[in-house]
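Below is one structure, written out as structure tokens, with a few remarks after it.
Computed from the coordinates by the stated procedures, all read-outs in this text should not be read as laboratory data. The model shown is predicted, which means the values in this text are computed figures rather than measured ones. Cβ placement follows ideal geometry from the backbone for every residue including glycine, while neighbour counts extend to all protein chains displayed.
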Amino acid sequence: MTAMATRIPLIAGNWKMFKTAAEAADAARSLDDLIRDVSGVDVMIAPPFTALSQVCAVLEGSRIAAGAQNVHWESEGAFTGEIAPGMLKDAGCRYVIIGHSERRQLFGETDQQVNRKIQAALAAGLTAVMCIGETEAEREGGQTFSVLDKQIRLGLEGVSFQTPGDVVIAYEPVWAIGTGKTATREQAQEVHAFIRDLLSRLYDEELADKLRILYGGSVKPNNIAELIRMPDIDGALVGGASLDPETFAQIVRLGD
Ligand code: PGA
């Protein structure tokens, strides 16, 4: 058995389709001030594309990293409306969220597309935050683990890691996103342990031990502490509660 890796928690904010560039820059500045004294936690915010440059300018020299919410797999070309990985790097992004359930459900994104996006993101030097999760019907039908197994196998097919930090997995049960329903910490831990075990079989134990697995779905200041205490929960991907800097700062403080 290898020694348990120490994984630095990552608290990531997904701002979805909220905030103008000026609003996003203001929020980033406030957040930076609010969490300046916090250590031992990595922090990322993912504003809309139109705010990325301004937010990255605000975050220069800050410990908060910027991420995008989506990416295309080609490096350039006639792909109206799409953004290439190199453009995100150029804007100052370190992370990119890939395969969020809203992209899968509302925009028809498939596991194959998620896979291509992850490969392209890694090739451009971005860290991919790969989102997976079951719907309520799938959970009730006892399919949670088979759905996640498929999403991980197809999403990571042919993906080779330079370091375990290349990919962060975000487990976000679809029924918990924006609904106020959170998975219990036991439900989340059970799934996170399953994901880590699957990664150790697909790759190796060392990688599985070091890779961060975030929980997402109605994470708030009052539930982060109990979630983060679970052995395989390494942080959170936060939607609604990341929009307000004060609230998000409390989550970054892990509820303290
Ligand atoms: P929520 O969203 O925190 O508003 O539930 C999470 C997400 O979509 O990543």
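Evaluate E = 1/(1 + (r/R0)^6) for Asp197 and Gln105, where r is the Cβ-Cβ distance and R0 equals 25 Å; express this FRET efficiency to the nearest 0.05.
0.40
Using modelled amide H (1.01 Å from N, peptide plane; none on Pro or chain starts), what sits under 5 Å from the amide H of Gly216, excluding residues fewer than 5 places away?
Hits under the 5 Å cutoff: Tyr171, Glu172, Leu237.
With viscosity set to 0.890 mPa s and temperature to 25 °C, compute the Stokes-Einstein D of the range 1-146, Rh being the Kirkwood radius across alpha carbon pairs; µm²/s, no decimals.
In µm²/s, the coefficient is 148.
Ordered by residue, what ³J(HN,Hα) values in Hz, to whole numbers, does the range 176-193 give under the Karplus form 6.51 cos²θ - 1.76 cosθ + 1.60, where θ = phi - 60° and Gly and Pro are x?
Taking θ as phi minus 60°, the curve returns 9, 7, x, 9, x, 8, 10, 4, 5, 5, 5, 4, 5, 4, 4, 5, 4, 5 Hz for the range 176-193.
At 222 nm, what value in deg cm²/dmol follows for the chain if DSSP H runs of at least 4 each add -39500 (n - 2.57) and the sum is divided by all its residues, to the nearest 500?
Helix-only estimate at 222 nm: -11500 deg cm²/dmol.
For the range 99-174, what is the relative contact order in percent, using Cα pairs closer than 8 Å and at least 6 residues apart in sequence?
42
Based on the Kirkwood radius over alpha-carbon pairs, what value in µm²/s does the Stokes-Einstein equation return for the translational diffusion coefficient of the chain at 4 °C and 1.567 mPa s?
71
At Ala21 and Asp90, where each label point lies 7 Å from the Cα along Cα→Cβ, what is the point-to-point distance in nanometres?
1.5
Select from the range 1-92 those chymotrypsin sites (Phe, Trp or Tyr not before Pro) which occupy a DSSP coil region and have at most 14 other Cβ atoms within 10 Å, ordered by residue number.
Here the sparse-neighbourhood loop sites are Phe79.
Within 10 Å of each residue's Cβ, count the other Cβ atoms and sort Ser39, Ser75 from fewest upward.
So the residues, fewest neighbours to most, are Ser39, Ser75.
Fewest to most neighbouring Cβ within 10 Å: what's the order for Val147, Val238?
The fewest-first ordering by Cβ neighbours comes to Val147, Val238.
log10 I(q)/I(0), Debye, Cα-only the range 153-231, no solvent, q = 0.11, 0.14, 0.21 Å⁻¹?
The computed values of log10 I(q)/I(0) come out as -0.31, -0.49, -0.97.
Gln187 versus Arg36, label points 7 Å from Cα toward the beta carbon: distance in nm?
4.0
Which residues make up the longest stretch of the chain clear of GluC sites (Glu not before Pro) that lie in a DSSP loop with no more than 16 other Cβ atoms within 10 Å, not counting the sites?
158-256
Kirkwood Rh over Cα pairs of the range 90-236 into Stokes-Einstein at 10 °C, 1.306 mPa s: D in µm²/s?
Calculated translational D: 103 µm²/s.
May I ask you to order 25-33, 113-121 by the average number of other C-beta atoms within 10 Å around their residues, highest value first?
113-121, 25-33
Work through the residues other than Ser101 whose Cβ is under 10 Å from its Cβ and net out their charges, Lys, Arg +1 and Asp, Glu -1.
In short, -2.
Would you grab the residues whose amide H sits under 5 Å from the one on Tyr95? Only those 5+ places off in sequence or on another chain, please, with H modelled 1.01 Å from N.
Residues meeting the amide H criterion: Ala66, Gly67, Ala68, Thr127.
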